[in-house]
Amino acid sequence: MYGFNYIRFGLLLCVFTTAEVSTLSAQLSVEAMESAYYKISSVAIPDEVKLEVGGLSFNDKGQLAVSTRRGEVWIIDNPNSAKPTFNRFAHGLHEPLGLAYKDGAYYLAQRGELTLLKDTDNNGKADQYRTIYQWDLVGNYHEYSYGPVFLPDGNMLVTLNLGWIGRGASLSKWRGWMLMISPEGKMTPLAVGMRSPAGFGLNANGDVFYTENQGDWVGSGRMTHIEKGNFVGHPEGLKWTSEPNSPLKLSMDAIKDTAEITLYDYAKLQKELKVPSVWFPHTLMGISTSDIALIPENFGPFAGQLLVGDQGHSKIMRVFQEKINGQYQGVCFGFKEGFSSGVLRLTWSPDNQLYVGMTNRGWASRGKEPYGLQRLEWTGKTPFEMTAIRAQSNGFEITFTQPVDRKKAANPDSYELTDFNYKYHHLYGSPPIMQEKRTVYKVEVSQDGMKARLFVEGLREGFIYEIKATGVRSIAGAPILHPTAYYTLNNIPDGERIAAKDGQSVGAAGLKSTKRMTEMPSSWFNGVEQVVEIGTKAGMKFDKEEITVKANSKIKLVFNNPDDMTHNLVIVKPNTADKVGEAAIQLGLQGADMGYVPDSEDVLFHTGLISPNASDIIYFVAPSKPGVYQFVCTFPGHAQIMRGNLKVVAK
């Protein structure tokens, strides 16, 4: 859901300040450096094939099957060759968003059913379309269905998206649930509380996890361990717990919108509520988490960890998890950016290359192609990275892929820690809240240079820890490729703890700005001279591409946001939308408190950060110099897509 254009940034370096050039160059070089270790190559897709990938699966012949959002299944021979062969195996399906292969048959979740596809006469075309299990639909556009994922016992998992009516809604039975379905069609509901569960899979222990996207009741993207009877946060699906086969009896009415509580704290009050094992901080790691893939041997130094796609950022992240007091928790790292479209599906080839299926129709992404199929290959080189981070009773232990410069790694100033949390409420998403900087007062480095033990004051359970190791270097002097990680601390291990000192809060309370006037100035004796009304529409767009105002005129601007995402409207000087949009991304954890409006002379006027189905009104005097100015949404990543022109004409 974010637009991002590296080439365009390169062309704009001449107008940036020295600091901005340094920051941007570092970002650009990370993607280039990643390619030294993990290389992306594209599968050639025939022009007539619209491969909007919904699902991926290799069969026992080494062929790659792809289901598409247009209702087709394609079989690709030799997908790693210069000229792969495409054969349409099936068509006429209803937006399948998953695909699995087992014992000579394909299985996929259509909007309203789990379907088996089989070629019984061996002519390369499916001639058997058999319904295994059906579920209800009301026709809401947001009623996506995902899967299946096979369990070791041969049963299948599917997940059902909530509908959208200005909020997530379970408009038909079992929407918001994960279901287990046998090959014979017996359905067992497993867990509830899901909003948009596009990604799910198994870890190395065979435990099931699913990923979630920011939305109502979901402060940020997250990953949760699923066990039968879990409630994972969104209350809408609870309307079906009165069904006789429901594994829990929790009702919708039992979930209270307390506004200022965190999910972790609410779980103390509601025993059925399962907290995430890993949070993916919104805009800092991704914006729309997708598929999960277990890293095999011979794909670098991270075997047994998980890869998680992100559709909006066109990237893949990496996750390490551990169990503390019997409960999963862990950390997410950057892994690989720069895919051509929105990453939705991941699957491994027989030779351990990762195939990445993509689409962005209706779901905008940094990668600008409408769809794509790419391959990620390990080059055989090992990057200098944090391999894992483990919680300690009084801090964290970081392991590395290569020995560190022990002097630099032992310096507490090489690290920076900030903890924060999110609200658990019915509103769409949440800003980071309760942020405090934590002090690293001592670091112990192992003799072999492969571990660093950070002693940290005042650890707080239930918080997310931004851990930066920007000052650490390898023996060869290389910086860590991805020096920032986010650890979800659900449980602090037993042992000695370091008491908190006075916490250093970060972030401002509320958005205050001289460039956002929300009341008409008393000096406007003759009142407003022009009223401008502008809204949003699906696909991260304003409903007007151009607005014309007269120079020096008194303007009242009404900004309405009927979209299901958060937006703002920022008016900037001519040809500065890219620059301002990038500066908004660099605000990091402080961005939400600033409404994602950077403190820049290029910003002229702006609204607040507006939630779905809300509005804002601002007043301003139009620029005195005629010309074409720009208006842009600076919510991180939106700026490349969501913009228009403010045309100022002579009065």
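Values in this text are rule-based calculations from the coordinates and carry no lab data. Since this is a predicted model, take the numbers as computed values, not measurements. In this analysis, Cβ positions are derived from the backbone assuming ideal geometry, glycine residues included, and neighbour counts consider all displayed protein chains.
List of remarks:
- Here Ala650 and Glu260 are evaluated by their C-beta separation; at R0 = 41 Å the FRET efficiency comes out at 0.20.
- Extension gain, Ser246 to Arg361: 0.36 nm times the residue separation minus the Cα-Cα distance gives 37.9 nm.
- Simple label model, 7 Å out from Cα along Cβ direction - His91 to Lys118, nm: 2.4 nm
- Exposure proxy ranking, count of Cβ atoms within 10 Å, fewest first, for Ser611, Ser182, Ser57: Ser182, Ser611, Ser57
- For the stretch 35-372, the average shadow cast by the Cα convex hull is 17.0 nm², which is a quarter of the hull's surface.
- As a rough footprinting exposure proxy, the listed residues Tyr487, Tyr129 were ranked by other beta carbons within 10 Å of their own, and the order from fewest upward is Tyr129, Tyr487.
- For the chain, the direction-averaged projected area of the alpha-carbon convex hull comes to 30.5 nm².
- Inter-centroid distance (Cα atoms) of the stretch 99-173 relative to the stretch 417-477, Å: 40 Å
- Residues in the stretch 104-133 reached by a label modelled at Asp60 [backbone nitrogen below 19 Å; 7 Å Cα→Cβ]: 104-108, 116-128
- Taking a ≥ b ≥ c as the square roots of the eigenvalues of the Cα gyration tensor, an a/c ratio of 1.5 or more together with a/b no larger than b/c marks the stretch 120-219 as oblate.
- Among Tyr428, Thr347, Ala204 - extreme Cα towards positive end, dipole of the chain, charges at beta-carbon: Tyr428
- Two-decimal log10 I(q)/I(0) for the stretch 386-505, as the Debye equation yields it once each C-alpha is a single scatterer, q = 0.09, 0.18, 0.22 Å⁻¹: -0.25, -0.91, -1.25
- Once Rg and the Kirkwood radius are both taken over the C-alpha atoms of the stretch 434-589, their ratio Rg/Rh works out to 1.13.
- Ordering of 333-341, 545-553, 586-594 by packing is 333-341, 586-594, 545-553, highest average first (other Cβ atoms within 10 Å, averaged per residue).
- Of all DSSP beta bridges confined to the stretch 198-312, the antiparallel ones make up roughly 90%.
- For the stretch 237-255 versus the stretch 186-214, the gap between their alpha-carbon centres in whole angstrom: 18 Å
- By average C-beta atoms within 10 angstrom, highest first, the peptides 131-142, 317-328: 317-328, 131-142
- Contact order for the chain, expressed relative to its length and based on alpha carbon pairs under 8 Å spaced 6+ residues apart, stands at 11 percent.
- In this calculation the C-beta distance from Ala410 to Gln327 is compared with R0 = 41 Å, giving a FRET efficiency of 0.85.
- Calculated from backbone phi, Karplus (6.51, -1.76, 1.60) coupling profile of the stretch 100-111 in Hz, x at Gly/Pro: 9, 10, 7, 6, x, 9, 9, 10, 8, 8, 7, 3
- Options Leu114, Met520, Leu162, ranked by Cα towards positive dipole end of the chain, top entry (Cβ charges): Met520
- Each Lys and Arg Cβ is given +1 and each Asp and Glu Cβ -1; about its Cα centre, the stretch 386-505 then shows a dipole of about 220 debye.
- Qualifying trypsin sites (Lys or Arg not before Pro) in the stretch 251-296, where qualification requires a DSSP coil assignment and no more than 14 other C-beta atoms within 10 Å, comprise Lys256, Lys271.
- The order of the peptides 220-232, 517-529, 108-120, 297-309 by mean Cβ neighbours within 10 Å, most packed first, is 220-232, 108-120, 297-309, 517-529.
- The stretch 604-641 and the stretch 273-304 have their alpha-carbon centroids 34 Å apart.
- Global geometry of the stretch 318-464, whether rounded, prolate or oblate, following the gyration tensor of its Cα atoms and the 1.5 cut on a/c: oblate
- Here Lys315 is the anchor, and the lysines within straight C-alpha reach of less than 18 Å, apart from those fewer than 8 places off in the same chain, are Lys39, Lys336, Lys368.
- Entries in Lys239/Lys323; Lys381/Lys451; Lys541/Lys647 that, when Cα-Cα distance is taken, lie over 24 Å: Lys239/Lys323
- Charge-dipole axis of the chain as Lys and Arg at +1 and Asp and Glu at -1 on Cβ define it, positive-most pick from Phe455, Asn360, Phe631: Phe631
- Dimensions of the stretch 530-649 based on its C-alpha atoms, expressed as ranges along the principal axes with the largest first, amount to 37, 28, 22 Å.
- If only the Cβ of Lys and Arg carry +1 and only the Cβ of Asp and Glu carry -1, the dipole of the chain around its Cα centre is close to 860 debye.
- Expressed to the nearest 5 percent, the antiparallel share of DSSP beta bridges inside the stretch 35-372 is 95 percent.
- Sum of -39500 (n - 2.57) over DSSP H runs of 4+, divided by residues of the chain (222 nm, nearest 500): -2000 deg cm²/dmol
- Looking at the stretch 530-649, the DSSP beta bridges with both ends there are about 70 percent antiparallel.
- Full-stretch length increase - Gln270, Ile475 - with 0.36 nm per residue and alpha-carbon distance subtracted: 68.9 nm
- Ascending count of other beta-carbon atoms within 10 Å, so fewest first, for His567, His482, His91: His91, His482, His567
- Per-selection metrics, the stretch 525-567 (Cα): Rg and Dmax in Å: 12.7, 40
- Electrostatic dipole magnitude of the stretch 35-372 [Cβ: Lys, Arg +1; Asp, Glu -1; Cα centre; debye, to 20]: 340 debye
- Using equal-weight Cα scatterers in the Debye expression, the normalised intensity of the stretch 178-316 in log10 at q = 0.09, 0.10 Å⁻¹ is -0.30, -0.36.
- Counted residue by residue at 0.36 nm each, then reduced by the alpha carbon distance between them, the extension gain from Arg497 to Ser41 reaches 159.4 nm.
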